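Participant: Before I ask anything, here is the structure I am working with.
The values are calculated or read from the model by the stated rules, or taken from the named source; none is laboratory data. Note that the structure is a prediction, hence the values are computed from the model and not measured. Here the Cβ positions follow ideal geometry from the backbone for every residue, glycine too, while neighbour counts run over all protein chains shown. Quick note on the areas: whole protein, heavy atoms, side chains included, nothing else; ligands and nucleic acids left out. Shrake-Rupley method; radii C 1.70, N 1.55, O 1.52, S 1.80 Å.
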Number of protein chains: 2
Amino acid sequence: MTDPGDFDAAWLPDAAFRAVGARRSLVRGGPDLLADTVHRELADACARFGGEAVRGADAGGAGLVLDLTGDNPADEGFTLGRADGVTTVTASGGRGLLYGLFHVVRLGEDAFAGDLPPRTHRPALATRMLDHWDNVAVHPVTGQVERGYAGGSLFWADGEARGDLDRVRAYGRLLAACGINAVAVNNVNVHATEARLLTDRLGDVAAIADVLRPYGIRTHLSVGFATPMLLGGLPTADPLDPAVRAWWAAATARVYEAIGDFGGFVVKADSEGRPGPFAYGRSHADGANMLAAALEPHGGTVHWRAFVYDHRQDWRDRSTDRARAAYDHFTPLDGRFADNVVLQVKHGPMDFQVREPVSPLIGAMPDTRLAVELQVTQEYTGQQRHVCWLGPMWSEVLRFRPAGGTSAGRLADGLVAVSNAGDDRFWTGHPLAQANLYAFGRLAWDPEADPRAVLDEWIALTHPGAPARLAEGLHAILDGSWATYEKYTAPLGVGFMVQPGHHYGPSVDGYEYSPWGTYHFADRDGVGVDRSVATGTGFAGQYAEPWAKLYESPDTCPDELLLFFHHVPYGHVLHSGTTVIQHIYDTHFEGVAEAEEARRVWAGLADLVEPERHARVAERFEEQLRSAREWRDQINSYFLRKSGVPDARGRTVH
Amino acid sequence: MTDPGDFDAAWLPDAAFRAVGARRSLVRGGPDLLADTVHRELADACARFGGEAVRGADAGGAGLVLDLTGDNPADEGFTLGRADGVTTVTASGGRGLLYGLFHVVRLGEDAFAGDLPPRTHRPALATRMLDHWDNVAVHPVTGQVERGYAGGSLFWADGEARGDLDRVRAYGRLLAACGINAVAVNNVNVHATEARLLTDRLGDVAAIADVLRPYGIRTHLSVGFATPMLLGGLPTADPLDPAVRAWWAAATARVYEAIGDFGGFVVKADSEGRPGPFAYGRSHADGANMLAAALEPHGGTVHWRAFVYDHRQDWRDRSTDRARAAYDHFTPLDGRFADNVVLQVKHGPMDFQVREPVSPLIGAMPDTRLAVELQVTQEYTGQQRHVCWLGPMWSEVLRFRPAGGTSAGRLADGLVAVSNAGDDRFWTGHPLAQANLYAFGRLAWDPEADPRAVLDEWIALTHPGAPARLAEGLHAILDGSWATYEKYTAPLGVGFMVQPGHHYGPSVDGYEYSPWGTYHFADRDGVGVDRSVATGTGFAGQYAEPWAKLYESPDTCPDELLLFFHHVPYGHVLHSGTTVIQHIYDTHFEGVAEAEEARRVWAGLADLVEPERHARVAERFEEQLRSAREWRDQINSYFLRKSGVPDARGRTVH
């Protein structure tokens, strides 16, 4: 058994339930599994704070009534109002009721003060999913959790299911409280052991699904395209082969026998060495639709990843541009995917760099369902050793208007992210990285939410009753932390200046002569990738207007994306008025200074934060500072050696 | 049991024994284990080729008499002569007799033609040792064999001794045939499992020693300095602590109970994170002498490695120079080491790069016994995927005269090398890398031997009776292969432009901002490390004259070491008449062309080489060419981007 003390309460500490726990509440309707969850939450809170929780019967004198009026699982909305001293949540489905409860929890005493006109809340995106890149068997290269920075897996350990599911249950509860309704429990790189989650290890998945279901979360599986060959003994995985289709149909039917509300499959195909339909001369629509056909009778969905590119590119070949790949591969297929296929598109055209433009594929396939994929796990943003609050980055992505009209967040059916959680006591390694996990769920619910308001919610829930000084301090540390990280790492939209393989720490040329399609082309005269239509790879032309025109010219391209779209001399003057080379020096010195200031602010909050949490963050700040200085000095030295231009302010560049 | 077909005959194919096997031979003297080995070799050969081998008694009509006249294990010499139709080998010790036999085998029919005046042969170096960097337990980073490129370990597999020792026996026989008399059976980085070879796993070592002993090979162990703490439960490993000394004395005595002729310990201390005497404020003489005291009563030796440097250097710090470290650490200790301590010094001041000057420590400690350490395993010279015949490199090292007088080879007591052999069918991965293993032994016997003659020996033994065209082809491929490898990889003495970690393939800046002390300081104006006394780190001043003066100035420094000793502009004109930058381009194009030519020559030898061997080498050439082109293009592009100087001959630089 997991000791409850083994994991942090995160944004659901007991004290966050004080307002509901001190009252008399009634949960009506059902029978319904999620209404029971709502009741249990209230009963637990009341046991602590002196209220009373009633289920089913009419109860006079209730201050809070949660009314389940139907059994519609598709309707996740709820209506909240208050009149005559009674706060009412009404929902036609169990999930809505649960989300309504957590909304009341967030409001705290405000939910019980004065009248509230009835207002309906409903998630903007139907699917709000976390993908876990967790391996069952420890992989010799990527370990238990690929790109995991928070200990081991929540689900798997050393080749087996963990068995003890208390932590998974607590995780499900945290996810429900920020609105997440789907979890994929294994890595998109499906290795041999993990393939068997679909077959003889299915019981392990069903056990997880049973624990997540009371929190409104459907369980999904990543599957490998070649599984009919690997496990079914078939000579092919051709998606048009009847035997292959029959194998998937039968395998999928068995999954639904074990997990009636199974969510569906996540697929990484023809990507970074994974098998896929290309081997059979079939399109990705053929591949996805085959799985869709197997899932359709049961109500399941295929999340088909658009992360398809040539990862064996020749660095000498300047005509191939990885940034173009997803758009080039998928736009010809628009309208050809089945209704229960969702194309899962990374938010940027490359791979979760600290700064990328929004992928031009988003908005380019009006007849295809879209999920935008984010990365909560901080692969390229400090690996949960650096503080890096990603709410503002995601908000920029979701508010981006691909054709000047509807925002990316409104165009999508789903928001998906790679989870940053593991079996670490604080869930996320860096305790402040909990804010990212929380914000992901809340932005999936409302992609146009103000990230600052989301952060306020997270702070208030995590530290109920704390003085304003704590919130101010956390804002001072977190609000600008993405910008700070960008400053001391990657200038002006350049990416991949990281150590190959593990991706932590700087290596300016680490990927420059690699087959991964990730280049900056720095030479003694300038730096950046010409992706213009006029003289470069043409990537800028994949955008609709106004973006295509804006990105096409260095005169109009935003500074922060200049080197993503253009190769310019070191002396090129930015809109900010400074040169590229001086910008590199300035931002690297500023970034370190800002990280030092954040550490100082955190030190001053020691009296307001529980000691273990404070110590963990303080320890991470030491590593962040060491690493930030290393970034500053390596980047500055590299570009001084190349450009020969000294820092105009005479600071030390080694 | 190992199937004999599992391993190649290398330089001891049956046919190499035709001349001795067709005759009547007599082995006299003993009883002696090695004389028995000699007799068995002859009996086996005679069974194949129709001769007769007699042991002990006088035998009229013998064409070959091997006479053991004493039992002096320290005398490894033998006298060979021929008169009255009888070839005679006389030795006062069993090893000499065995080496005499293999000498006769090398001579073939020439040993039985006409008269030969008696001539005594004796090894120049007393210790001729191979270190195996083999782990017992597979290490998560370095694997079963650290820097091994020939399959698994000969001795260990997956945490256990292999049990089947047939392959080890065959290995011992091969080593005896080239004069090697010592083997260390485990990695100098001694991890937890391997530490126990000294204690409860000692039986595994004894079993290996039993198999190697009949071939005149003494077995050595690498030991960890902190073993008294790890296994003995002591609170310290202080070499002056009486309990520590007593622990080592007792452990060593137990080793000798199991292995009466145990050779001694190999120690890597205070090096790359290994524990050592510095932790206790003691000197390396204190540390080595403690182990020497434990070994001395039993006749054992400590091989104490001088590979001590700061591997956590700050790349910003230009005053620290790793090349200086061994000399700076050890010269103050000259005369303070016990008589049974041998200081084991890498041949260059850095770490087995394709080109380094000879270490200034060699010859700088006249009152300390010296072993020169080479690397037969091709960590930095193509990892047995590239053909790289190292005889000429080693010969340069061994013929180097540190003070203008005695050569390095004559100054040393021993020659030690990291083995390139594993459980690969061809022993060494690349079949042509067998030549390196053979040459190591032969150069340890005679450090002034002509490497070309050694190669002739190896060719003739490995391919008995082959036509001259094969020898010519192999010379064409091998003679210049080190120079070729140098050309397409590292110019002018620059090292470490390799992929970090595994060290295969180019990464010009891979170690440039690392803590390993391995920098080239390339910027837009020039490249190289100023190690002069006048303006640099002073390393050049560690040499005796004439070298100190020669290396001090770029005007006199040999071209091939220029960038090791000096930072010069790309336009600096070499003694060869070309500029540094043009030299980089020229040699990289030449190197690839030479490798292509070598592949062509090998293809033309298909009719003269057994198919499996030919195919293996042919397959390696494909990878060599791919890799060589990658080296050429990355190095050329890197320096074009930095220098801005185009290739004067207009070839393609990407």
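Participant: Which pairs in the list B:K268/B:K346; A:K549/A:K642; B:K549/B:K642; A:K268/A:K346 are over 22 Å apart, alpha-carbon to alpha-carbon?
Facilitator: A:K549/A:K642; B:K549/B:K642
Participant: To continue, here is another question. Can you give me the % of accessible surface on segment B:501-654 that is carbon or sulfur? Probe 1.4 Å, all protein chains present, nothing else counted.
Facilitator: Heavy-atom surface of segment B:501-654 belonging to carbon and sulfur, 1.4 Å probe: 57 percent.
Participant: Here's a follow-up. So which helices of chain B fit the span-like rule, where a helix is a whole DSSP H run, its Cα atoms reach 30 Å or more along the axis, and its mean Kyte-Doolittle is at least -1.0?
Facilitator: For chain B, where a helix must reach 30 Å along its axis and average at least -1.0, the hits are B:580-603.
Participant: How high is the FRET efficiency between B:D314 and A:A603 when r is their beta carbon distance and R₀ equals 22 Å, given to the nearest 0.05?
Facilitator: Result of the calculation: an efficiency of 0.30.
Participant: Over chain A, what portion of Cα pair distances is larger than 39 Å, expressed as a whole percent?
Facilitator: Cα-Cα pairs in chain A separated by more than 39 Å: 32 percent.
Participant: Here's another thing I want to ask about it. Ignoring ligands, DNA and RNA, how much accessible area is buried between chains A and B, both sides summed, with a 1.4 Å probe, to the nearest 100 Å²?
Facilitator: That pair of chains buries around 2200 Å² in total.
Participant: Further question: Can you give me the accessible area per residue for chain B, using a 1.4 Å probe, in Å²?
Facilitator: Ligands and nucleic acids excluded, the figure is 34 Å² per residue.
Participant: Can you pull the accessible area of A:L221 for me, 1.4 Å probe, Å² to the nearest 10?
Facilitator: 0 Å²
Participant: In µm²/s, what is D for segment A:342-407 at 20 °C and 1.002 mPa s, where D = kT/(6 pi eta Rh) by Stokes-Einstein and Rh is the Kirkwood radius from Cα pairs?
Facilitator: For the chosen part, D equals 170 µm²/s.
Participant: Please compute the length gained on full extension between B:T331 and B:R196, using 0.36 nm multiplied by the number of residues separating them and subtracting their Cα-Cα distance.
Facilitator: The B:T331-B:R196 span can extend by a further 45.3 nm.
Participant: Write down the percent of antiparallel bridges among all DSSP beta bridges whose residues are both part of segment B:127-462, to the nearest 5.
Facilitator: Just about 10 percent of them are antiparallel.
Participant: OK, next. Which log10 I(q)/I(0) values, to two decimals, does segment A:103-145 give at q = 0.18, 0.28, 0.33 Å⁻¹ under the Debye formula with one point per Cα?
Facilitator: -0.72, -1.01, -1.13
Participant: Just how far, in whole angstrom, is segment A:158-208 from segment A:363-408 if you go by their alpha carbon centroids?
Facilitator: If we compute the Cα centre of each part, the gap is 25 Å.
Participant: Count neighbours as other Cβ atoms within 10 Å of each site's Cβ, and list the trypsin sites (Lys or Arg not before Pro) in segment B:618-654 that are DSSP loop with at most 15 such neighbours.
Facilitator: Those that pass, being in a loop and sparsely packed, are B:R649, B:R651.
Participant: Taking just the alpha-carbon atoms of the protein assembly as shown, what radius of gyration and Dmax come out, in angstrom?
Facilitator: 36.1, 129
Participant: If you don't mind, another one. Distances in nm, one decimal, shortest first, from A:E597 to the same residue in every other copy, taking the label point 7 angstrom along Cα→Cβ.
Facilitator: 6.4
Participant: Something else: Could you give the dipole magnitude of the protein assembly as shown about its Cα centre, charging the beta-carbon of Lys and Arg +1 and that of Asp and Glu -1, in debye to the nearest 20?
Facilitator: Around 340 debye, computed over the protein assembly as shown.
Participant: Tell me, what is the percent relative contact order of segment A:127-462, built from C-alpha pairs under 8 Å that lie six or more residues apart?
Facilitator: Relative contact order of segment A:127-462: 18 percent.
Participant: Now a separate question. Roughly how many Å is it from the Cα centre of segment A:507-533 to that of segment B:258-325, as a whole number?
Facilitator: 44 Å
Participant: Here's another thing I want to ask about it. Going by a 1.4 Å probe on protein heavy atoms, which residues of segment A:602-644 end up with at least 50 Å² less accessible surface in the whole assembly than in their chain alone?
Facilitator: Flagged in segment A:602-644: A:Q634, A:R641, A:K642.
Participant: List for segment A:499-529: residues with 50 Å² or greater reduction in accessible area, all protein chains versus chain alone, probe 1.4 Å?
Facilitator: By number: A:Y513, A:R524.
Participant: Let me ask something additional. Let's see if you can work this out: charge +1 on each Lys and Arg Cβ, -1 on each Asp and Glu Cβ, no other charges. What is the dipole magnitude of chain A about its Cα centre, in debye to the nearest 20?
Facilitator: Approximately 180 debye in magnitude.
Participant: Next question. Carbon and sulfur: what percent of segment B:73-126's accessible surface (1.4 Å probe)?
Facilitator: Exposed carbon and sulfur together represent 53 percent of the surface.
Participant: Restrict the search to segment B:283-323; then list the trypsin sites (Lys or Arg not before Pro) that DSSP places in a loop and that have at most 15 other Cβ atoms within 10 Å of their Cβ.
Facilitator: Passing both the DSSP loop test and the Cβ count: B:R312, B:R316, B:R318.
Participant: If you average the sequence gap of Cα pairs under 8 Å that are 6 or more apart and divide by the length of chain B, what percent do you get for the contact order?
Facilitator: The normalised contact order for chain B reaches 11 percent.
Participant: Here is a further query. At 222 nm, what value in deg cm²/dmol follows for chain A if DSSP H runs of at least 4 each add -39500 (n - 2.57) and the sum is divided by all its residues, to the nearest 500?
Facilitator: One gets -10500 deg cm²/dmol as the mean residue ellipticity at 222 nm.
Participant: Can you report the principal axis dimensions of segment A:250-304 using only the alpha carbons, biggest first, rounded to whole angstrom?
Facilitator: 33, 18, 16
Participant: For segment B:13-121, place one equal point scatterer on every Cα, skip the solvent, and apply the Debye formula. What is log10 of I(q)/I(0) at q = 0.11, 0.18 Å⁻¹?
Facilitator: These q points yield log10 I(q)/I(0) values of -0.27, -0.77.
Participant: Quantify how much of the Cα-Cα distance distribution of segment A:544-654 extends past 21 Å, in percent.
Facilitator: 53 percent
Participant: Which of B:G414, B:Y438, B:N186 sits farthest toward the positive end of the charge dipole of segment B:127-462, with +1 on the Cβ of Lys and Arg and -1 on the Cβ of Asp and Glu?
Facilitator: It is B:Y438, whose Cα lies furthest towards the positive end.
Participant: Farthest toward the dipole's positive end in chain A, which of A:A250, A:H463, A:V54, given Cβ charges of +1 (Lys, Arg) and -1 (Asp, Glu) about the Cα centre?
Facilitator: Among A:A250, A:H463, A:V54, the one farthest towards the positive end of the dipole of chain A is A:H463.
Participant: With the contact rule set at Cα under 8 Å and sequence spacing of 6 or more, what percent relative contact order holds for segment A:4-121?
Facilitator: About 26 percent, as a whole number.
Participant: Given the options B:A206, A:Y215, B:G429, identify the residue whose Cα lies farthest towards the positive end of the charge dipole of the protein assembly as shown (+1 on Cβ of Lys, Arg; -1 on Cβ of Asp, Glu).
Facilitator: Value: B:G429.
Participant: Using a Debye calculation, one point per C-alpha and no hydration shell, please list log10 I(q)/I(0) for segment A:60-110 at q = 0.19 Å⁻¹ in order.
Facilitator: With no solvent term, the Cα-only Debye profile gives -0.57.
Participant: Please work out how much accessible surface A:L550 shows to a 1.4 Å probe, ignoring ligands, DNA and RNA, in Å² rounded to 10.
Facilitator: Approximately 50 Å² of A:L550 is accessible to the 1.4 Å probe.
Participant: Of the accessible area of segment A:185-315, with the probe set at 1.4 angstrom, what percent is carbon plus sulfur?
Facilitator: Carbon and sulfur atoms account for 52 percent of the accessible area of segment A:185-315.
Participant: Kirkwood-based Rg over Rh for segment A:127-462 (C-alpha set), two decimals?
Facilitator: 0.94
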